[in-house]
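As structure tokens, the structure follows; a few thoughts come after it.
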Amino acid sequence: AQIYAMADDVLAVDTQGTLYCLSRRDLSPRWVSSLRAPLSAPIAEGPTYYVCLERDASGAAWVEWFSKRSGAPGNASPARLPFAPSSGISANAGWAFVGSLGSPIDNKTVEAINLADGKVGWGYRTMSRVSATPTVDPSGEILLVVGENRTITSLPTNQSGVPVKINWAVDTLGVNTAAPAIAREWAFIGSEDNLLRCIDIGSGETTRFHQPSAHAV
């Protein structure tokens, strides 16, 4: 029913919730596991785990994570989320990150789930809804959050205090609802101001490219 191309594997999910992992090189089977509930977003890939965001028949949201090597569930997997997700999910070695519509006891719009114990850890509140997936850079150290309030925010993924630290924040001229595509040093972000931006992940500065003239050879 669903197929995802990951860095080294192809993941396939059938209509019964069975998760198959195949080698991307030759499609040979690697392992088989099962999801607790249907997927509600594409599967995220971290260095150690494949992370799944799911929604059951009663509307409850769950996170499950499986070893990339063996398909074994993580120690605390699955974990029920105490909030309604507003976006897809991404992950690094120790955390999963997802947009949140909030809950009666929390008003965060981005939440971090600890993959060691399945508990919600640090969170960050933007001034509007986060519908685009909060996205981790290749180093696993930076989380880019694009909000519907026209703001792009860079957060360190390793947070240990209150208030949450930010690296930088920049504004666009239109609403942001698409997740960024991130390379090692650059993030490519399409906004509803009809612009595609290439942003330096380290500084938040938009790269300016020279536009060749029509007569250039």
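The values are calculated or read from the model by the stated rules, or taken from the named source; none is laboratory data. On a predicted model such as this, the values are computed, not experimentally measured, just so you know. Ideal geometry is used to build each Cβ from the backbone, glycine not excepted, and the neighbour counts take in all protein chains shown. Side chains included, ligands, DNA and RNA excluded: accessible areas come from the protein's heavy atoms. Shrake-Rupley method; radii C 1.70, N 1.55, O 1.52, S 1.80 Å.
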Filtering segment 61-79 down to residues that are touching an Asp or Glu at 6+ places or on another chain (Cβ under 9 Å) and farther than 14 Å from LEU35 by Cβ yields LYS68, ASN75, ALA76
Quick test for you: out of SER203, SER139, SER128, SER160, pick the one residue that is part of a loop (DSSP other than H, G, I, E, B), closer than 22 Å to SER40 by Cβ and not aromatic (Phe, Trp, Tyr). SER128
Pairing a residue in segment 66-77 that is in contact (Cβ under 8 Å) with a residue 24 or more places away in the chain with any residue that is open to solvent by 50 Å² or more (accessible area, probe 1.4 Å) and among the basic types (Lys, Arg), where Cβ atoms lie under 9 Å and the two sit 6 or more apart in sequence or on different chains, gives SER70/ARG30; GLY71/ARG30; ALA76/LYS119; SER77/ARG36
Just one of the numbered conditions (1) on the phi > 0 side of the Ramachandran plot; (2) within 12 Å of the chain's Cα centre (by Cα) is not true of GLY102; which one? (2)
Within segment 169-180, is even one residue open to solvent by less than 30 Å² (accessible area, probe 1.4 Å) and of a type in the set (A, V, I, L, M)? no
Of the residues in segment 184-195 that are modelled with pLDDT of 90 or more and farther than 13 Å from VAL146 by Cα, the one that is surrounded by the fewest Cβ atoms within 10 Å (Cβ to Cβ) is GLU185
Those residues of segment 149-161 which are buried (at least 19 other Cβ atoms within 10 Å of the Cβ) and either β-branched (Val, Ile, Thr) or more than 14 Å from GLY202 (Cα to Cα) (or both), in sequence order: ILE152, THR153, THR157
Could you tell me which of the residues GLY121, GLY140 is surrounded by 16 or more Cβ atoms within 10 Å (Cβ to Cβ), modelled with pLDDT of 90 or more, touching a Pro at 6+ places or on another chain (Cβ under 9 Å) and not aliphatic (A, V, I, L, M)? GLY140
Of all residues in segment 21-39, which are within 24 Å of VAL98 (Cβ to Cβ) and open to solvent by 60 Å² or more (accessible area, probe 1.4 Å)? SER34, ARG36, PRO38
